Amino acid sequence: MKVTYTDVLVIGGGLAGLRTATGVKERGHDVILLTLVPPKRSHSAAAQGGMQASLGNSVMGRGDNEDVHFEDTIKGSDWGADQKVARMFVNTAPKAIRELAAWGVPWNRVKKGGRQAIINAEKVTITEEEDAHGLITARDFGGTKKWRTCYTSDGTGHSMLYAVDNKVHEQGIEVRERMEAIALIHENDRCYGAVVRNLMTGELVAYIAKATTIATGGYGRIYSVSTNAVICQGTGQAIALETGVATLGNMEAIQFHPTAIVPVGILTTEGCRGDGGVLRDVDGYRFMPDYEPEKKELASRDVVSRRMTEHMRKGKGVPSRYGDHLWLDITILGRKHIEKNLREVKEICENFLGIDPAEEWIPVRPTQHYSMGGIRTDHRGESQTLKGLYSVGEAACWDLHGFNRLGGNSVSETVVAGMLVSEYISDFCESEESAINVSTSVIEAALKCEQDKLDRLINNKDGEDTYVLRRAMEKIMMEKVGIFRNGKDLKEAVDELEQLIFRSHNIEVTRSKSLAANPALVNAYRTQMMLKVALTVAYGALLRTESRGAHSREDFPERNDKEWLNRTIMRWKDPDMTMPTVSYEDIEVEEMELPPGFRGYGKDMTIHHPKTEERQAMVDTMRLQTEEEGLDRIEVQRTLMPYSELLPEKYQGRNERLDERFDDER
Amino acid sequence: MNALTKGLMMKDKAARKIKINILRFDPNIPNDRPRIDMFELEEAPGMTLFIALNDIREHHDASLKFDFVCRAGICGSCSMLINGRPGLACRTLTSTMEPEIMLAPLPLFELIGDLSVYTGNWMRGLNERLETWIHTQEEVDVERLEERMEPELAEEIYELDRCIECGCCVAGCGTIQMREEFVGAVGLNKIARYRLDPRDKRDDDDYYELVGDEDGVFGCMTLLGCEDVCPKELPLQSKIAYLRRKMVEVGLNKKD
Ligand SMILES: Cc1cc2nc3c(=O)[nH]c(=O)nc-3n(C[C@H](O)[C@H](O)[C@H](O)COP(=O)(O)OP(=O)(O)OC[C@H]3O[C@@H](n4cnc5c(N)ncnc54)[C@H](O)[C@@H]3O)c2cc1C
Ligand code: SF4
Ligand code: SF4
Ligand code: FES
């Protein structure tokens, strides 16, 4: 039996995991980070657009602050987010970006004077202020009142990931690559680490730790087409679920992006449409104005995705070997504009489609993009039910995004969560509670259990073909748990997935019998895990009989605060069961700083919560009163919904801005 | 409408047959010997080597080893020798090649099996050796306005920060074949990147310690195999030349 001990085990080497590791190391704890791939190859590298932080340096972002960022985030979430978590987040994001600047991220900077930009397909001149020159600039992104998305050209995630990984090098943190956590080790509702498989040799090792953190990213690959990296398979969520103790939250909340290329699903930026590109159907007809006369192609992400799907369902899609798609036409923007402003789109078209987008249309369709749901934690990133288990980043649901995430809020969340949660983990490690009281027999049993599973997969005879099950799952998710959902399809999806889970117990690894580096074996056990994750998504969607954010039910088009202002919580109590158990966690209106309102798209069809009106009146009165008393915006906020004592002390401070200088101005 | 988009619409009319030859070897399997396996498949419109190799794994040989992560030319995982030349497999369209394709693992790196090599390990060693992080004594106060930087300088640093550690330049380098410890174009580019960055307080003497020898900038023969194969089209040639001049200056001063 091979066992390794450490203080903190971090599973996942993306932005969230790396920043958590640096935080606990800084506090003097030992940490080991495990990852499937070298950290710099993690999916975080793919984020091109940017990171939200309310610096308010650029003239288009002047006047921005935590309050505006908070409001955008809550509205974007369709009131599903945890408002205290959102407050903690918006107050830490500026600190996160400033830290990253010091760690070497070459953020694009404000340049004083005039420059040309295109807003709503029209040329405008933006004039930047002298006093902002050289500070971090920002660009426009969907769903934000101010230009708040900071960036490094077209490689924001890449630069962030490299800077944080380099910090990890500097600190001498132990990183073990090509290692996969395949089960958690736990006893008496307390998590003590994980069973880990070496992907090169096949060896199983038990990692025992005071605190275990899951930072494994999203689960996009349960869908047949996803913008996500191929390793975003939800195994982190699965191992949490398989403890039978830890819970998952809002798994049905899945975001789709309108314009990923066909067939490979690589994203083309929103900027294509922002700059005036249009969508066309099989007849070359521009259909969006028929559906959304006002905003046309520039309606919000979820709306455009839904309209495109609707149109394809009417038989107006372009048939191809890879299924139906539509056209994105940016030829109208002209070669000069494309080569200068949409360089990255041009490269994608050349390298992956072999076409020139200045001459030819781009085949696109709405594609799975982001997982709002994940391992349910409290605001400290700790599981509500399994002590010592933490989760951060896209893997987690501490619940910043509710039912829809704003672009640019995700990479920001990963780093902020790493900063905050590493402090809570360190506090835990310094407390007596963190003592490791796991019995050797439990560790032994966990290792044996996993080894038996693997042996069974290899030695099984006349079993199921993994690929058949996998493809069936992907298809079900795409067709029945996609952009539009309805009771009938969802019911079928749940039944069919349950069947697949049943069949997956009988998988046989064919043609490749090695227990070492063996892609067929990996595919087999991951498929078993993914099926469970997929079922939590489908089942959550079936039960949620309303439409909220990205969860859109054709048979229940209204957002129903009266019955559904809550979070879906899933648990898989017994490994032999084929269905999870479900409960709901209310989101309390009485505690909200921003009571539920209208998000501002289409017709307002909200069924309101009985307490909304009262809370709104109370918030209005309090705001008026405190403002009359002459309190500043931060003090006003404090009376509405105090949160700052939830933050680690070192991050409770205010953020300096050009418009809000500290007294001892430098 | 155009050829490819028309192609996407068509249902497999006159699809080309392609042959993919793959150099196979798994050092973890006792008595395994290098061999070449040939797989024949029907080309699909828009087919990349990412699609083709997964197709082979799914329908022909489930044991075939290769590495893809982003499959979008971003993460640097999938470099291999494609018809003898280092490149990213995920962004290589089969339609741009002759119907018979030869794939082999990237040389010089630790072989995990078949087309899978451990570039990450090598890059980690490099980063540790060259200390590729910001060296400074200054404490950052994250509540205050950030340090200012000229917009052009930020963009210049980003241009060099774009390296994805794919290892293509290493595989294409003549020096490394002879000199195992050579840091490669990737290493020299990193030094150029930090040298440019005013946040890093190291000076040329410090950089000289790191790359002022035959395993560093003086080992490079400027044959430029590296720049030709860099998928990010980094300006390796001019950066290495500039760095060499600077390091020569330091070297001369040292002699005084
Ligand atoms: C194309 C694209 C563009 C995007 N653009 C933006 C953007 O512009 N702005 C924005 O804010 N967000 C963007 N996002 C979202 C954002 O990139 C991600 O949500 C975020 O980077 C996730 O980071 P993470 O650290 O949580 O996970 P990841 O970066 O996905 O890292 C997960 C890590 O976990 C490891 N891992 C997984 N499973 C296991 C296991 N079982 N055992 C051990 N290790 C494991 C992996 O090796 C990896 O290191 C984009 C997403 C996509 C798909
Ligand atoms: S110029 Fe030649 S020797 Fe120098 S790093 Fe590039 S390939 Fe190697
Ligand atoms: S310099 Fe270019 S070829 Fe070399 S590792 Fe970086 S991206 Fe790859
Ligand atoms: S898979 Fe990421 S670069 Fe090819």
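The values are calculated or read from the model by the stated rules, or taken from the named source; none is laboratory data. Predicted, not measured: the structure shown is a model, and the values here were computed from it. Cβ coordinates were reconstructed from backbone atoms using ideal geometry, including for glycine residues, and neighbour counts include every protein chain displayed. What goes into the accessible areas is simple: the full protein's heavy atoms, side chains included, and nothing from ligands, DNA or RNA. Shrake-Rupley method; radii C 1.70, N 1.55, O 1.52, S 1.80 Å.
Here are some notes:
- Residue in the range A:136-151 that is open to solvent by 40 Å² or more (accessible area, probe 1.4 Å), in a strand (DSSP E or B), in contact (Cβ under 8 Å) with a residue 60 or more places away in the chain and under 23 Å from A:Asn404 (Cβ atoms) present: yes
- The single condition among (1) more than 14 Å from ligand 3 (Cβ to nearest atom); (2) within 17 Å of B:Leu126 (Cβ to Cβ); (3) in a loop (DSSP other than H, G, I, E, B) that B:Leu210 does not satisfy is (3).
- Criterion: open to solvent by less than 50 Å² (accessible area, probe 1.4 Å) and among the basic types (Lys, Arg) - qualifying residue of A:Arg456, A:Arg470: A:Arg470
- If you filter the range A:561-589 down to residues that are open to solvent by 80 Å² or more (accessible area, probe 1.4 Å) and modelled with pLDDT of 95 or more, you find that the one that is farthest from A:Glu294 (Cα to Cα) is A:Tyr584.
- Contact annotation: residue pairs with Cβ atoms under 8 Å, 6 or more positions apart or on different chains, pairing a residue in the range B:83-112 that is more than 13 Å from chain A (Cβ to nearest Cβ) with a partner that is part of a helix (DSSP H, G or I) and within 16 Å of ligand 1 (Cβ to nearest atom), are B:Leu106/B:Thr119.
- Of the helices (runs of 4 or more DSSP H) lying entirely inside the range A:13-111, those carrying at least 3 residues that are more than 9 Å from ligand 1 (Cβ to nearest atom), within 14 Å of chain B (Cβ to nearest Cβ) and at pLDDT 95 or above are A:15-26, A:83-102.
- Count - residues of the range A:536-552 that are under 28 Å from A:Ser504 (Cβ atoms), open to solvent by less than 10 Å² (accessible area, probe 1.4 Å) and over 19 Å from the mean Cα position of the chain (by Cα): 1
- Of all residues in the range A:501-519 being open to solvent by 10 Å² or more (accessible area, probe 1.4 Å) and part of a helix (DSSP H, G or I), the one that is farthest from the other protein chains (Cβ to nearest Cβ): A:Phe502
- Residues of the range A:622-666 that turn out to be without any contact (Cβ under 8 Å) to a residue 12 or more places away in the chain and in a helix (DSSP H, G or I), as a count: 8
- None of A:Gly408, A:Gly374 is open to solvent by less than 10 Å² (accessible area, probe 1.4 Å), within 14 Å of ligand 1 (Cβ to nearest atom) and either modelled with pLDDT under 95 or within 14 Å of chain B (Cβ to nearest Cβ) (or both) except A:Gly408.
- Evaluated against (1) crowded, with 22+ Cβ neighbours inside 10 Å; (2) more than 11 Å from ligand 2 (Cβ to nearest atom); (3) within 14 Å of chain A (Cβ to nearest Cβ), B:Met247 falls short on exactly one condition, (3).
- Every condition in (1) within 12 Å of A:Cys272 (Cα to Cα); (2) more than 14 Å from chain B (Cβ to nearest Cβ) holds for A:Lys346 except the one numbered (2).
- Complete set of residues in the range A:260-288 that are open to solvent by 40 Å² or more (accessible area, probe 1.4 Å) and more than 12 Å from chain B (Cβ to nearest Cβ): A:Thr269, A:Glu270, A:Tyr285, A:Arg286
- Matching residues in the range B:221-246 - criterion: being more than 10 Å from ligand 3 (Cβ to nearest atom) and basic (Lys, Arg): B:Arg244, B:Arg245, B:Lys246
- Residue match in the range B:145-158 (condition: away from chain A (no Cβ under 14 Å), in a loop (DSSP other than H, G, I, E, B) and either open to solvent by less than 20 Å² (accessible area, probe 1.4 Å) or closer than 29 Å to A:Arg178 by Cα (or both)): no
- In the range A:430-448, the residue that is farthest from A:Thr243 (Cα to Cα) out of those that are open to solvent by 70 Å² or more (accessible area, probe 1.4 Å) and more than 32 Å from the chain's Cα centre (by Cα) is A:Glu432.
- When each of B:Glu43, B:Glu100 is tested for being over 17 Å from the mean Cα position of the chain (by Cα), at pLDDT 95 or above and over 24 Å from A:Ala516 (Cβ atoms), the lone residue that passes is B:Glu100.
- For the range A:153-201, the strands (runs of 3 or more DSSP E) that sit wholly inside it and include 2 or more residues that are among the basic types (Lys, Arg) are A:190-198.
- Of the candidates B:Asp200, B:Asp213, the single residue that is within 14 Å of chain A (Cβ to nearest Cβ) and more than 16 Å from ligand 1 (Cβ to nearest atom) is B:Asp200.
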